[in-house]
C-alpha cells in the first residue's frame, strides 16, 4: 500500500512538472544588441532619465528609483500614487510629468502636468508647490528623435471588444520607426508590454516595459512574469546600428 501511494505521488509530481509554462521558468536574457535590467517586484517601468553608465532614474508603478551600478541595486527616491509618463529638464531642474493626453491632429500624445521637481539630478524630490513657478510643462510621450531623418515612437495597439469602441483589448505595443516619411515596426527580442521610450546622449534606446507577456500569435495579454519586475531594455549601441 505504501509503495502504491509513493508511485501515485511521483506520478502527480511528474505531471505538475510537465504542465509548467515558459512564463513560470527562470530565464536569463541574452542578446547581442540589447541588455535588460530589472527593478524587483515593481511590475512596470515608465519614464526614464539619465544613462545606464552613470545614474539612471526610473518611474515605476508606485515610486521613483535610481541606480548607479547598471541596475544591480536600486534606491527608492520617492513614493508616488501613480507612474510618471515623462521627465523633462528645464535649466537646473528635472520635472515629473503625470498625465498623458492631448493628441494633436497627427495623433501625437503628450506627457504633461508637472507635479514634482528635483534640483540634484533626481536624488531628492519636492512638490511643485515648494518653489517651482508653473505646472505647464509638456513633451512628446514615448517619442524620440534620433536625428533630423529618424523618429522613433511607441505605437499603442488596441482592438475593440465585440465592436465596442469604448471597450478594448490591449494588444502588444510596438515601436515604430519613421524615416523620411516611411514607417516600419522595429523587431525586438522580447514580448513584454512596452510603456515608454527614451534616448540617452549616446543614442542608445531605453525601452520601458512591464512584466506582462503577450501571446506571439494574437498579441493579446497572456500572463505575467513570475517575479513581476519592472523592466528596462537598453540597446547596447546607438539605436541607428540596430535599425539599419
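In plain terms, the residue of 44, 156 with the fewest other Cβ atoms within 10 Å comes first and the most crowded comes last, giving 156, 44. Residue separation of residue 51 and residue 168 scaled by 0.36 nm, minus their Cα-Cα distance, works out to 38.6 nm of gained length. Can you give the angle from 0 to 90° between the axis of helix 2-18 and the longest principal axis of the chain, with both taken from C-alpha atoms, to the nearest 10? That helix lies at roughly 30 degrees to the long axis.
Springs between Cα atoms under 10 Å define the GNM used for the chain, and in it the highest mean-square fluctuation of 92, 120, 162 occurs at 162.
Annotation: the residues 175, 232, sorted from fewest to most other C-beta atoms within 10 Å of their own C-beta, follow the order 175, 232. What distance in nm lies between label points placed 7 Å from Cα along the C-beta direction at residue 103 and residue 73? Rounded to a tenth, the inter-label distance reads 4.5 nm.
Among the listed values (1) 20.8, 80; (2) 19.0, 58; (3) 17.5, 49, the one computed from these coordinates for Rg and Dmax of the Cα atoms in Å is (1). Cβ-to-Cβ counts within 10 Å put 41, 172, 126 in ascending order as 41, 126, 172, the fewest first. With the contact rule set at Cα under 8 Å and sequence spacing of 6 or more, what percent relative contact order holds for the chain? Contact order relative to length: 19 percent. Extending 7 Å from the Cα toward the beta-carbon at both residue 201 and residue 159 defines two label points whose distance is 4.4 nm. One decimal place: the segment residue 138-residue 187 gains 14.7 nm when fully extended, by the rule 0.36 nm per residue minus the C-alpha distance. Per-residue ellipticity at 222 nm, computed for the chain from helices alone with -39500 (n - 2.57) per DSSP H run of at least four residues, works out to -2500 deg cm²/dmol. Working from label points 7 Å from Cα in the Cα-to-Cβ sense, the residue 40 to residue 215 distance is 3.3 nm.
Values quoted throughout were computed directly from the atomic coordinates according to the rules given, and no laboratory measurement underlies them. A quick note: this is a predicted structure, and the numbers were derived from the prediction, not measured. Positions of Cβ are backbone-derived with ideal geometry, glycine not excepted, and every protein chain shown enters the neighbour counts.
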